[in-house]
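The values are calculated or read from the model by the stated rules, or taken from the named source; none is laboratory data. As the structure is a prediction and not an experimental result, all values here were calculated from the model. When we count neighbours, we look across all protein chains shown, and the Cβ atoms used for this are built from the backbone with ideal geometry, even at glycine.
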2 protein chains.
Amino acid sequence: MSLIVCKFGGTSVSSPERIQNVAKRLIARRQEGNRVVAVVSAMGKTTDELVGLARALNPNPPAREMDRLLSTGEQVSMSLLAMAIEARGYRAMSFTGRQAGVFTDATHSKAKITQVSSERIMDALDRGFIPVVAGFQGITPDGDITTLGRGGSDTTAVAVAWGIGADACEIYSDVPGVYSADPRIAPRARKLDQISYDDMLEMSAAGSGVLQMRAVEFAKKYRVVIHSRSAFTNEVGTYVKEATDMMEEAVITGIAHDSSEVKVIIRHVPDAVGVAATVFSALAANMVNTDMIIQNISEAGFTDISFTCPGADLGRARETLDRIVPQIKAKGVVVDDDIAKVSLVGTGMKSSPGVAARAFSVLGERNINILAISTSPIRLSIVVDASQVAEAVRSLHTAFGLDADEVFEEKQLSAEEIAAKMSKGR
Amino acid sequence: MSLIVCKFGGTSVSSPERIQNVAKRLIARRQEGNRVVAVVSAMGKTTDELVGLARALNPNPPAREMDRLLSTGEQVSMSLLAMAIEARGYRAMSFTGRQAGVFTDATHSKAKITQVSSERIMDALDRGFIPVVAGFQGITPDGDITTLGRGGSDTTAVAVAWGIGADACEIYSDVPGVYSADPRIAPRARKLDQISYDDMLEMSAAGSGVLQMRAVEFAKKYRVVIHSRSAFTNEVGTYVKEATDMMEEAVITGIAHDSSEVKVIIRHVPDAVGVAATVFSALAANMVNTDMIIQNISEAGFTDISFTCPGADLGRARETLDRIVPQIKAKGVVVDDDIAKVSLVGTGMKSSPGVAARAFSVLGERNINILAISTSPIRLSIVVDASQVAEAVRSLHTAFGLDADEVFEEKQLSAEEIAAKMSKGR
């Protein structure tokens, strides 16, 4: 008998019909002999709607009130899911973050989990209930409601899984697992049966949206096995765990891409000591996450400094540079938002030299221009023109032997097809 | 410096614009030198929508989960109102039922308040905050969330007013106060400057929808002064308190009417001992609130028993009678839902005989047929045909000297008119 946590995101609980499906799924997992704890996000776009209401009233809503407001979204879905389970003859009990014992620090809107006290959940399990926990929220030791920020519900699920000593934390979403590349642009992408925490972290950081990096970090630290799987079928998905079962790691596990970054070039910067430090300290102070930094000599005594950052940080980057550029006597700022980053990820890369050389020659053969490069021991990231990102991913995917025999077919399944798939998979 | 509670209903907080108006109003009350505590309902139709979602998932949602679900509605509006106040440069802090110390029994969905601990609210007031309390919700001594049922937010406001020792509990709504009759059908109705608890209770019980009876009962028991007033203008409304300032009470304070009741007739009931007891015990056991009961002899040894009850209870009444009628060997059941109840209310009635005789003759002159009558020491209720209710109210209003000189004009005020009225009234 396994003890499992099943986490369902906002899309999976966006309507009464979908909540019914989640209830069915939980009961099926229970009937298979498991002890089950559910973790849920807010319904569909609820959180965005609440943020919109708040901003209509106050451009800078007080953080404490914002957290109290947003936490209601998960409180609605947890109660509705508990009701749906009860309607099917099983006992369920909902838990707010407070009741689930998810303690956090007091950093409103992006609180960090400091402790998990799972006695009440264990007690409910022992009494035969299916506990349903509100994701995304916690409580400070003073009793103030907090929210965990982006990826919060996945993190709640992993934290609760750790707290109760679950055998696995199943994270359900609208994709069947982690793929070797985004199948929407690389149709020969393969679903991975397993992936190590380290590779998954690099994939998430490089733009693979299946799992939130923060939840994977928590899972790695506390050795929680994540099972990323489809909310709509019963197929086995991808296990994320410490080490995979393979004798030797593949050189490349997967290829991630990210079109949301922009490249910023500061032109004609006097090449003096401390200039780069001035620029990047100011950017960091203004919460701009700079990624790849490149310095080119443009003419004697001057240099161009360029960096990439998330598109969402561009406003803050401009604001910072408008202040800094006159100060360092540079000539101005150019922004290129038509770029994309392609990343090859693989723990096996460490022991396989020549990955970069091979990647560059593959791209060169296809006339794909390389705009910037950065590396980690298990990742190689290349910035290319946005128009060439799909071709770059596909050609690298083929060249590094990742192609599947079957071509991925994306389609919207009908309710009947989902039902058929689920009964087949069970 | 007065200490006041200001309660705003769902209509007053149904949009960001309206929440802004509520914030302005609270700040104005504060600028006038008052210490202010706000109590809010859920936005607009939120509660109904949540009930709809719950019923889509479970026809009999578990009461504990239902209360947890519904309590989120007021949590949203309390946070939004606190944000709106902060946006205007005043400090605000929201309080759930738990945090406001509203303790209740464990009767989910219609919990009764057992205790109010207002230390945290007083503390926030002392620190210069405008506390914003979620209406309609409380907490059991075990820490379970409860809701108070119909009229819950008004009751929260009165309970909080009592808890903090407020000088008045201002209940804002879309009408300017308590009228001597419903001005929509009696255009010469007058707004009352004041009304006693007892008269207000009878008015509320007889169908006047301005204040919830339960809140008035609480106010009477703990001597909390209620000020019923408009959310859209600054006019003084109606004070509800122990005794009015008049030397002698008017004979009739007001005329209420209620078109939501139905009349049920059980035909040809054998006139045996205990039959009425059987019928009305069964109805009471099935939660049917019977009001006026009339027994007519129809022929020797048989009788017709009729009663009125709220239209909402009719389903349960039919269900009960389908079971009881064969058992008592009656002939069947007839329902008349085209009726209305007109009630004359006045503490002065006690010392003024002849009110009933006068009312009957007024109605008789106008050929309004009297279908049933019931009385209390300070109320006379008459059931008439639904088509004649407006005429009955108007003619009694005139006959008992209640008519105002001015004719009430109902109109939707534009935003500009409201602003003009508010600045004029201030």
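Candidates A:Asn58, A:Asn34, A:Asn21: the one that is more than 11 Å from chain B (Cβ to nearest Cβ) and without any contact (Cβ under 8 Å) to a residue 60 or more places away in the chain is A:Asn34. A count restricted to the range B:23-60 and to residues that are within 19 Å of A:Thr72 (Cβ to Cβ), of a type outside the set (S, T, N, Q), buried (at least 19 other Cβ atoms within 10 Å of the Cβ) and within 23 Å of the chain's Cα centre (by Cα) stands at 6.
One residue stands out among those in the range A:1-18 that are within 14 Å of another protein chain (Cβ to nearest Cβ) and among the polar types (S, T, N, Q): the one that is farthest from A:Leu70 (Cα to Cα), which is A:Ser15.
Criterion applied to B:Ala124, B:Ala134, B:Ala157, B:Ala84 was being within 14 Å of chain A (Cβ to nearest Cβ), within 23 Å of the chain's Cα centre (by Cα) and closer than 24 Å to B:Ala28 by Cβ, and the one residue passing it is B:Ala134. Being modelled with pLDDT under 95 and either of a type in the set (Ser, Thr, Tyr) or crowded, with 21+ Cβ neighbours inside 10 Å (or both) holds for only one residue in B:Ser71, B:Ser79, B:Ser109, and it is B:Ser109. Residues in the range B:136-150 that are in contact (Cβ under 8 Å) with a residue 40 or more places away in the chain and either on the phi < 0 side of the Ramachandran plot or buried (at least 19 other Cβ atoms within 10 Å of the Cβ) (or both): 10 in all.
Is it true that some residue in the range A:355-364 is within 26 Å of the chain's Cα centre (by Cα), surrounded by fewer than 18 Cβ atoms within 10 Å (Cβ to Cβ), among the polar types (S, T, N, Q) and part of a helix (DSSP H, G or I)? No, the conditions are met nowhere in the range A:355-364. Is it the case that some residue within the range A:65-72 is in contact (Cβ under 8 Å) with a residue 40 or more places away in the chain, farther than 30 Å from B:Val132 by Cα and of a type in the set (A, V, I, L, M)? Looking for residues that are in contact (Cβ under 8 Å) with a residue 40 or more places away in the chain, farther than 30 Å from B:Val132 by Cα and of a type in the set (A, V, I, L, M), one finds none in the range A:65-72, hence no.
Considering every residue within the range A:294-301, establish whether at least one is under 29 Å from the mean Cα position of the chain (by Cα) and touching a residue at least 12 places away in the same chain (Cβ under 8 Å). For the range A:294-301, residues under 29 Å from the mean Cα position of the chain (by Cα) and touching a residue at least 12 places away in the same chain (Cβ under 8 Å): present. Restricting B:Ala181, B:Ala219, B:Ala215 to residues that are in a loop (DSSP other than H, G, I, E, B) and either under 13 Å from the mean Cα position of the chain (by Cα) or buried (at least 24 other Cβ atoms within 10 Å of the Cβ) (or both) narrows the list to B:Ala181. Out of A:Ser71, A:Ser117, one residue alone is in contact with a strand residue (DSSP E or B) (Cβ under 6 Å, 6 or more places away or on another chain) and of a type outside the set (A, V, I, L, M, F, W, C). It is A:Ser71. Taken across the range B:165-185, residues that are out of contact with any strand residue (DSSP E or B) (no Cβ under 8 Å at 6 or more places or on another chain), among the polar types (S, T, N, Q) and touching a residue at least 12 places away in the same chain (Cβ under 8 Å) do not occur at all. The listed residues are A:Ser361, A:Ser306, A:Ser387, A:Ser352, and the only one of them that is of a type in the set (Ser, Thr, Tyr) and within 26 Å of A:Val178 (Cβ to Cβ) turns out to be A:Ser352.
Within the range A:68-81, the set of residues being within 9 Å of another protein chain (Cβ to nearest Cβ) and among the charged types (D, E, K, R) comprises just one member, A:Arg68. B:Leu201 passes every criterion in (1) in a strand (DSSP E or B); (2) farther than 30 Å from B:Glu119 by Cα; (3) under 12 Å from the mean Cα position of the chain (by Cα) apart from (1).
Look at the range A:90-112: where a residue is under 19 Å from A:Val158 (Cβ atoms) and facing chain B (nearest Cβ under 9 Å) and a partner is assigned to a strand (DSSP E or B) and of a type in the set (S, T, N, Q), sitting 6+ places away or on another chain with Cβ atoms under 9 Å, you get A:Thr96/A:Gln137.
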